[in-house]
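A quick write-up on the structure given underneath.
The values are calculated or read from the model by the stated rules, or taken from the named source; none is laboratory data. Fair warning: this is a prediction, and the values are worked out from it, not measured in the lab. Neighbour counts are summed over all protein chains in view; Cβ atoms, including those assigned to glycine, are modelled from backbone coordinates with ideal geometry. SASA here: full protein model, heavy atoms, side chains in, ligands and nucleic acids out. Shrake-Rupley method; radii C 1.70, N 1.55, O 1.52, S 1.80 Å.
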Amino acid sequence: MLEQRKRMMRRKRSVAERGMVSAAVVRRLPRYHRFLGDLLRKNELRISSARLSLLMGVTASQIRQDLNCFGGFGQQGYGYNVRYLYEQIGELLGVSEGYRAVIVGAGNLGRALVSSHMFERRGVVRTAMFDTDENVIGRTFGGIPVYNVAGLEEYVRAAHIDIGVLTTPKDAAEGEARRLAAAGIKGIWNFSNQELTLPDYPDIIIENMHMGDSLMMLLYAIKEKEDGR
């Protein structure tokens, strides 16, 4: 197993260095990680690509192709060691890096996010929330304190924060994103419904989330099904 791990690490470094993994494969990795986590919680420690394909609704061939981008992880006649695969995909996704995050905006969405187990299950440490509302500054939500946003940059630098989660109103998003970028943030998870780009900060990675888009895709699928009757 130790030699296998070494081979996998060499393979992963080689793939990453050459930029060989498509964005589509990377987008599927979190889903693999989630399903494998569910299997672990059910104490299932071994699985075949055929059974995993049934659970996920992805072909066994697609699963093997995706995982082969990083060395395969499976053994012929055995399948996949669920815990090992879960840990390796988590490592690929940065779950083991201990990234630190702050949430800017302590409204309903910010409170819902900070109170969920989503961050800790993915290895992200929530350290603080920030807001302008005197009614929430000084309070705690999900065990995380809310500070005045005036001190955002100083806190990000001092606490070595990697990720800024934006749940601000749309018109405040770009300004807060620029403050985060100027303070040295590495990535922004943006829930403001404002499509953010920061061309003057090319090293900042931005993930724009639009829940309304997802809802409209559901509406489209329902309408298509009804129209096809």
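Tabulated data
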| quantity | calculated |
| --- | --- |
| Surrounding net charge for HIS117, when Lys and Arg each add one and Asp and Glu each subtract one, Cβ distance under 14 Å | +3 |
| Whole-angstrom gap from the stretch 105-157 to the stretch 27-43, using each part's C-alpha centre | 27 Å |
| Estimated vicinal HN-Hα couplings, Hz - the stretch 145-155 in sequence order (Karplus 6.51, -1.76, 1.60; Gly, Pro = x) | x, 9, 10, 5, 5, 4, x, 4, 4, 4, 5 |
| Candidate residues HIS33, HIS117, HIS160, HIS210: accessible-area rank, largest first, probe 1.4 Å | HIS160, HIS117, HIS210, HIS33 |
| Rounded, prolate or oblate (a/c below 1.5 giving rounded, otherwise prolate when a/b exceeds b/c) for the stretch 91-162 by Cα gyration tensor | oblate |
| Beta bridge orientation in the chain: antiparallel %, DSSP, nearest 5 | 20 percent |
| Whole-percent carbon and sulfur share, accessible surface of the stretch 150-229, 1.4 Å | 58 percent |
| For the stretch 125-223: span of alpha carbons on each principal axis (Å, largest first) | 49, 33, 25 |
| Volume of the Cα convex hull of the chain, divided per residue and given in Å³ | 176 Å³ |
| Accessible surface, the chain, averaged per residue in Å² (probe 1.4 Å) | 58 Å² |
